[in-house]
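To start, the structure under review is shown below, and the notes come after it.
None of the figures in this text is laboratory data; all of them are computed from the coordinates on show. This structure is a prediction, so every number in the text was calculated from the model and none was measured. Cβ sites come from the backbone with ideal geometry, for glycine too, and all protein chains shown count toward neighbours.
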Amino acid sequence: MASEKTEQEKKTAPLSIFRSVPKWQDLRFYQKSEVLYQMTFVFCERFLPKHGDRTVDQMVQAARSGKQNIVEGSEDGKTSTAMEVNLLNVARSSIGELRQDFDDFLKSRHLPIWTPADERFQPMQDFTKQHNLLSDYEPYFQHWTAEEMANVGLTLCYQVDAMMNKYLKGIEEIFIKEGGVKERMHKARTDYRRQQDERLAELERTLPQLQQQLTAAQEEAAHWKAAYEDLKQRAVKAYYRQQDEIKELKKRIEGI
């Protein structure tokens, strides 16, 4: 099991210059934009002429552009807030074109655009607000009438636009607080320099204390060394005295 990082390691951990962004797959407005693209494709196949009508290409391309620019904007947002904002606004424009196409389809065929006064409006609102995934909508693609499908598409366009507008305001707030990649690079360098300065100051502050400890250890070592040398000399003298005494005793014994 890996040990937890120390406070010092946390302080000196490398700072990322990349902005943390949500995964585009998890963005609710992306999920709805994917539904819009697939539903628009089926809608055009079922209710628009297969040849000679440019509306088909325009609607499918607008739906695809909305979805793809969300993906590209989210990916580019890691390094460039400006690019992310630009691409998400392109996506909004594409969704706006698609919304107008659904609107025109209903009006040109004298089909009603559902309003709160229509009993079908609130159930549709509840369903589209609560469901974001393609799998929630696909079972209905071959069963909805042109009126139902166009109104659902219109509603999803409004919801995606509202969600993206709110998301863009959040990006704006982050940009104001954190800046773009240049500002984050400057902050990363500044924070790194500050960390190094703090570490240097800490080392310099504790150095005299360490020096005192080293001096005390050296003095204690010198004391024990002197005591060792004194003990060694006394032991050597005692050894030789004892040897001399042994020799003297042997002489005396031999002379008796």
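Approximating the spin labels as points 7 Å out from Cα along Cα→Cβ, the GLN122-to-ALA201 distance works out to 6.4 nm. For ARG46, put the label point 7 Å out on the Cα→Cβ axis and report which residues of region 97-124 keep their amide N under 15 Å from it. Counting backbone N atoms under 15 Å from the label point, the list is 106. Measuring how big region 49-156 is from its alpha-carbon positions, Rg and Dmax come out at 15.8, 47 Å. Extension gain for ARG193-LYS247 works out to 11.7 nm (0.36 nm per residue, less the C-alpha to C-alpha distance).
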